[in-house]
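Asks: Quick one: this structure, given as structure tokens, is what I'll be asking you about.
The values are calculated or read from the model by the stated rules, or taken from the named source; none is laboratory data. This structure is a prediction, so every number in the text was calculated from the model and none was measured. Here the Cβ positions follow ideal geometry from the backbone for every residue, glycine too, while neighbour counts run over all protein chains shown. Accessible surface is based on the protein model in full, side chains and every heavy atom, while ligands, DNA and RNA are left aside. Shrake-Rupley method; radii C 1.70, N 1.55, O 1.52, S 1.80 Å.
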Amino acid sequence: MALREFPTTCPLDCPSACALIATIADGRLLKLTGDPSHPFTRGVICSKVANYHRFLEGERLTRPLLRSGPKGSGHFREITWDEALDRIAAGLSEVTRRHGAEAVFPYHYGGTMGVVQRNAPERLTHRAGYSRLEKNICYNIAEAGWLAGVGKAWGPNPAAIADSDLPVLWGINAVSTHLQLMGFVTEARRRGAPLVVVDPYRNRTARQADLHLSPRPGTDGALAVALLHLLLVEGYADTAYLAQWTDYSDALRHHLESRTPAWAALLCGVPEADIRRFAHLYGRAKRPFIRIGLGMSRHRNGAVNLHAVSCLPALTGAWRRGGGALFATGDAFGVVSEPVIQSRWRQERTRILDMSRLGALLTDEAPTPGIHALLVFNANPAGSAPDLGRVWKGLRREDLFTVVHELVMSDTARLADLVLPATSFLEHEDLYKSYGQYTLQHAGKLLEPVGEARSNNDTVNALARRLGFDEPPFQWDAGVFVEQVLEASGLPRRVDWPGRWLDRAPTEAKQYFREGFPQEDGRFHFQPGWADATMPRFPDHWPVNARDRVDSGRYPLDFMTPPAHHILNTTFTASAWHRSRRGRPLLWIHPADARRRGIGEGDAVVVFNDQGSVTMWARVTEGVREGLCVTESNYRGDELPGGIGINLLTSADRVAPAGGAAFHDNRVEVRRL
Ligand SMILES: Nc1nc2c(c(=O)[nH]1)N[C@H]1C(S)=C(S)[C@@H](COP(=O)(O)OP(=O)(O)OC[C@H]3O[C@@H](n4cnc5c(=O)[nH]c(N)nc54)[C@H](O)[C@@H]3O)O[C@H]1N2
Ligand SMILES: Nc1nc2c(c(=O)[nH]1)N[C@H]1C(S)=C(S)[C@@H](COP(=O)(O)OP(=O)(O)OC[C@H]3O[C@@H](n4cnc5c(=O)[nH]c(N)nc54)[C@H](O)[C@@H]3O)O[C@H]1N2
Ligand code: SF4
Ligand SMILES: [Mo]
């Protein structure tokens, strides 16, 4: 048996986008390891992906499947690709004829993050005039918060956190969601820098902290403005920096005067002494580096909170001393996906549907025309979307024609009329950006497709041709698109790359905004100028969360659903090994809350709110504060006694200023089963 090693890239929706080495023998993946020569991966990968071969060798889909029982029954029969494409083309044409092209809704997200495969469905959307997708399930609340102040999604190279004298991880569970960053954080700590973690619960990252602040979920705005207040009154503000590079004003100073640590302590539940301690650490540090995660954004006031946190380095001028903050790196890549997407075919009048509100759109808030066909690629909304009760109700509609392209029998695939088998990242070529580091990577096809699996790109093209669209992009394979994207982006052709990645890091001056911020006036904006006039004028606490709207007598507990260590979104819920690592669904609950409800460790409990109820098992722990419950999600429906995932309990309320899902902003009650 000849073992061979090949370079590749992790395709998962993870900020690390690790450079991998695949060991392959006889056309089979034996293992994946981290590439030691990559500057961010440095040979380290997570256990999820180190065990990816167990996922690949699990229950992969290999043939197109046609439903042969009631929706959701799991009964399918195998058909040929030819028959599948004929049936899909006929179904879509019929819906288009009867209801118009907008009645077809292509829904896709981040199953694979490659530029070519991920975005392929969009060119079919645009060519056919199907409803467009508002891609807001993950990133855009946080993005709105960051752009309001800084202007573009980039910042210091994440590796620079190793040189920080105060690394701060704020709303990011890096041990589970961005492991490689922790290597750099550990270097800083070895040099004596204390690690500060700001997270409502004691996750794996908080357990490593020297100072862990655990605000109530959705109160980072209060905490951040109290820090701004203290930094100002104690003389840590950099007045020259403020005058030159920010919109700092007397009105802001006046606003901050009333935002005292005592005021914040009441709102966020962090003791005043800890707020002061953090302010002093921050004010004295030369190069404090805040890595801002997505967690704090998944609240109705998430954009406001994230913006408030981003104000800290602007007030002290930490940027110019080699500190600052990093939220994401994506805007630095300059990758132009136009060849893949073909937005030139887009009709501006075509409606855009909010992916986070899929359940409502399929049921009681149906647009006109209603959605009569759903084409799902690269996503599993029956597990990952909020308000799952309505999503499932919608997917069970007899008059909805659902096609799902998948690697595995996901919850969404099980509810489909037709299921198509997809290739894994090892079976197709692609180009990978990252949202947490700065290398652009290319990965070739290393394995033959399993069974009759086809890539997103090839599936979109085959379907488009069957529908009668014969433009050249519907003939191109992934290799052609890679070269087209590189050319459109003004980047060297693949053969001219120095290695298998390109360093896309901005210059140091740009990383630290030394020549100004990427805003029209070149300044950091303390005053966010939100498009939504109900939002606060300055960084502040904005009380619009579930806690502020729901009857606290009925639903007294906050409920968050952050990522699990061994599962990525819902991806590895299809792998027995990954499922067994995580074990059964646990509800973290504080001892005082448990005692009041007669709940003991390991008891079965029912977690409920107006949207539904979910059965889990109690983990009684001081790892959550009183009044807060947490489950590290996501689960496949059949992992829970009710047969439907955690998102039954999460709300799909549209988040200001521009939509998105508040996955960590819920109220519930819990009782012993
Ligand atoms: N193992 C694993 N890794 C993953 C994923 C996964 O599911 N599992 N998902 C991937 C994806 S798609 C993404 S987008 C990233 C997300 O990764 P992160 O950026 O880490 O974001 P989240 O995981 O949503 O939340 C991070 C932390 O924020 C905390 N948090 C929640 N609400 C608040 C709040 O109000 N304030 C503060 N300060 N903290 C809060 C949560 O408790 C959680 O510990 O991870 C990626 N990596
Ligand atoms: N409760 C709760 N819910 C959440 C979150 C949370 O923190 N809490 N986080 C949210 C976030 S941040 C995100 S990004 C979303 C993610 O939501 P989704 O994008 O729906 O992510 P996954 O659930 O991982 O589903 C991706 C699916 O794509 C499939 N897939 C992988 N590769 C390919 C491919 O090449 N082609 C095709 N056709 N399919 C492929 C995988 O098998 C998987 O089933 O979930 C959100 N849901
Ligand atoms: S840390 Fe993230 S990018 Fe790296 S191997 Fe794991 S999931 Fe993939
Ligand atoms: Mo995400």
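Asks: Filtering the stretch 3-17 down to residues that are open to solvent by 10 Å² or more (accessible area, probe 1.4 Å) and away from ligand 4 (no atom under 16 Å from the Cβ), which residue is farthest from the chain's Cα centre (by Cα)?
Replies: The residue in question is L3.
Asks: Just for the stretch 641-664: of the residues that are open to solvent by 30 Å² or more (accessible area, probe 1.4 Å) and touching a strand residue (DSSP E or B) at 6+ places or on another chain (Cβ under 7 Å), which one is nearest to R547 (Cα to Cα)?
Replies: Selected residue: R654.
Asks: Would you mind finding the one in D593, D638 that is assigned to a helix (DSSP H, G or I), among the charged types (D, E, K, R) and without any contact (Cβ under 8 Å) to a residue 40 or more places away in the chain?
Replies: Among D593, D638, only D638 is assigned to a helix (DSSP H, G or I), among the charged types (D, E, K, R) and without any contact (Cβ under 8 Å) to a residue 40 or more places away in the chain.
Asks: Report, ordered by the first and then the second residue, all pairs with beta carbons closer than 7 Å, sequence separation of six or more or different chains, a first member in the stretch 509-523 that is surrounded by fewer than 12 Cβ atoms within 10 Å (Cβ to Cβ), and a second member that is not in a loop (DSSP other than H, G, I, E, B).
Replies: Every condition considered, the pairs that remain are E515/A509.
Asks: Quick check on my filter: what residues within the stretch 436-457 are buried (at least 22 other Cβ atoms within 10 Å of the Cβ) and not in a strand (DSSP E or B)?
Replies: G436, Q437, Y438, A453, S455, N456, N457
Asks: Still on this structure: Considering only the stretch 283-294, state which residues are under 27 Å from P563 (Cβ atoms) and either open to solvent by 10 Å² or more (accessible area, probe 1.4 Å) or not aliphatic (A, V, I, L, M) (or both).
Replies: P288, F289, R291, G293, L294
Asks: Which of the following residues is within 16 Å of ligand 2 (Cβ to nearest atom), touching a Ser or Thr at 6+ places or on another chain (Cβ under 8 Å) and under 18 Å from A17 (Cα atoms): S410, S424, S434, S455?
Replies: Of the residues listed, the single one that is within 16 Å of ligand 2 (Cβ to nearest atom), touching a Ser or Thr at 6+ places or on another chain (Cβ under 8 Å) and under 18 Å from A17 (Cα atoms) is S434.
Asks: Here's a follow-up. Pick from G171, G149, G145: which is on the phi > 0 side of the Ramachandran plot, away from ligand 3 (no atom under 16 Å from the Cβ) and of a type outside the set (V, I, T)?
Replies: Every option except G171 fails the conditions.
Asks: Can you pull out the residues in the stretch 423-436 that are touching a Lys or Arg at 6+ places or on another chain (Cβ under 7 Å) and in contact (Cβ under 8 Å) with a residue 40 or more places away in the chain?
Replies: Correct list: H428, E429.
Asks: Scan the stretch 235-273 residue by residue and report those that are in contact with a strand residue (DSSP E or B) (Cβ under 6 Å, 6 or more places away or on another chain) and within 22 Å of L166 (Cα to Cα).
Replies: Listed by number, the list holds a single entry, V270.
Asks: Could you identify the single residue in V419, V391, V404 that is surrounded by 22 or more Cβ atoms within 10 Å (Cβ to Cβ), in contact (Cβ under 8 Å) with a residue 24 or more places away in the chain and assigned to a helix (DSSP H, G or I)?
Replies: Answer to the check: V391.
Asks: Output the number of residues of the stretch 39-74 satisfying the condition of being open to solvent by less than 60 Å² (accessible area, probe 1.4 Å), in contact with a helix residue (DSSP H, G or I) (Cβ under 7 Å, 6 or more places away or on another chain), within 19 Å of L179 (Cβ to Cβ) and not charged (D, E, K, R).
Replies: 5
Asks: Take the stretch 56-78 and flag every residue that is within 26 Å of L446 (Cβ to Cβ) and among the hydroxyl-bearing types (S, T, Y).
Replies: Scanning the stretch 56-78 gives a single hit, T62.
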